[in-house]
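I have placed the structure first, in the form of structure tokens, so that the comments after it can refer back to it.
The values are calculated or read from the model by the stated rules, or taken from the named source; none is laboratory data. Bear in mind the structure is a predicted one, so any value in this text is a computation, not a measurement. Cβ placement follows ideal geometry from the backbone for every residue including glycine, while neighbour counts extend to all protein chains displayed. The area values use the complete protein model at the heavy-atom level, side chains included, leaving out ligands, DNA and RNA. Shrake-Rupley method; radii C 1.70, N 1.55, O 1.52, S 1.80 Å.
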Amino acid sequence: MTPRVILITDPRWSLERILEVVRALRDRPVIVQHRDKESPLAKLEEDAARIREVARFFVLNAIRPDADEVIDLAFRLGADGVHAKAKTTPLWTSAPAHDDEDLAKPADVLLVSPIFATPGKGEPRGTAALERAGTAIAGKPTPIYALGGIRSEE
């Protein structure tokens, strides 16, 4: 079963804050996606290894210029998966779906975004994007996740 919630780390958070949140969610079915698009690979590896130790389901975001090295790192760390532009590895793979054309990407799950306004993520696509995604993947075993500006009051 694929967890219903994905926690995507924010590079503005300290590693200690990330570990605190991940530990608090350890017994829940949550995917933890570590996203750090700017740190050198050695720093990414150091941080990801610490998060992997406490995460129940750990995914490493490989959407960076050194994607192949990050995917290799995911294997070395025993990650459960990667977040990549498309499925190119036997690891569980989530792929971004920032527009309707992205819905055709091969992946285990698609992350449809941004649903609501999110700083730096472009125009919100609204809930209609989720309806289109549901139609596009009808009959395929590809779960979709809604991302972007989702708050408890929405």
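Out of curiosity, is residue 102 surrounded by 14 or more Cβ atoms within 10 Å (Cβ to Cβ), in contact (Cβ under 8 Å) with a residue 12 or more places away in the chain, among the acidic types (Asp, Glu) and out of contact with any helix residue (DSSP H, G or I) (no Cβ under 8 Å at 6 or more places or on another chain)? Quick ask: steps written out before the conclusion?
Numbers: surrounded by 14 or more Cβ atoms within 10 Å (Cβ to Cβ): yes; in contact (Cβ under 8 Å) with a residue 12 or more places away in the chain: no; among the acidic types (Asp, Glu): yes; out of contact with any helix residue (DSSP H, G or I) (no Cβ under 8 Å at 6 or more places or on another chain): yes.
In short, no.
Residue count for region 122-154 satisfying the condition of being charged (D, E, K, R), closer than 20 Å to residue 86 by Cβ and in a loop (DSSP other than H, G, I, E, B): 2. Scanning region 105-154 for residues that are surrounded by fewer than 14 Cβ atoms within 10 Å (Cβ to Cβ), modelled with pLDDT of 90 or more and either among the small types (Gly, Ala, Ser) or under 19 Å from residue 8 (Cα atoms) (or both) turns up 126, 128. With respect to the conditions (1) more than 13 Å from the chain's Cα centre (by Cα); (2) more than 17 Å from residue 4 (Cβ to Cβ); (3) not charged (D, E, K, R), residue 84 lacks only one, and its number is (1). The residue pairs whose first member lies in region 78-99 and is loosely packed, with under 15 Cβ neighbours inside 10 Å, whose second member is among the aliphatic types (A, V, I, L, M) and assigned to a loop (DSSP other than H, G, I, E, B), and whose beta carbons are closer than 8 Å, counting only pairs six or more residues apart or on different chains, are 85/63; 86/107.
Would you check which residues across region 2-46 are of a type in the set (D, E, K, R) and either part of a strand (DSSP E or B) or closer than 21 Å to residue 93 by Cβ (or both) and list them?
Within region 2-46, the first condition is being of a type in the set (D, E, K, R), and the residues that meet it are 4, 10, 12, 16-17, 20, 23, 26-28, 35-38, 43, 45-46.
Passing the criteria: 4, 35, 36, 37, 45.
Out of curiosity, is residue 26 in contact with a Leu (Cβ under 9 Å, 6 or more places away or on another chain), open to solvent by 80 Å² or more (accessible area, probe 1.4 Å) and without any contact (Cβ under 8 Å) to a residue 60 or more places away in the chain? So residue 26 fails the test. Taking the listed residues 67, 86, 79, 95, the one that is among the hydrophobic types (A, V, I, L, M, F, W, C) and more than 29 Å from residue 139 (Cα to Cα) is 67, with no other qualifying. Would you check if residue 50 is surrounded by 12 or more Cβ atoms within 10 Å (Cβ to Cβ), farther than 23 Å from residue 21 by Cα and not small (Gly, Ala, Ser)? So residue 50 fails the test. Find the residue count for region 57-77, including only residues that are surrounded by fewer than 23 Cβ atoms within 10 Å (Cβ to Cβ), assigned to a loop (DSSP other than H, G, I, E, B) and in contact with a helix residue (DSSP H, G or I) (Cβ under 9 Å, 6 or more places away or on another chain). Within region 57-77, residues that are surrounded by fewer than 23 Cβ atoms within 10 Å (Cβ to Cβ), assigned to a loop (DSSP other than H, G, I, E, B) and in contact with a helix residue (DSSP H, G or I) (Cβ under 9 Å, 6 or more places away or on another chain) number 3. Residues that are part of a helix (DSSP H, G or I) and either over 13 Å from residue 87 (Cα atoms) or among the β-branched types (Val, Ile, Thr) (or both) within region 97-121 comprise 100, 101, listed in sequence order.
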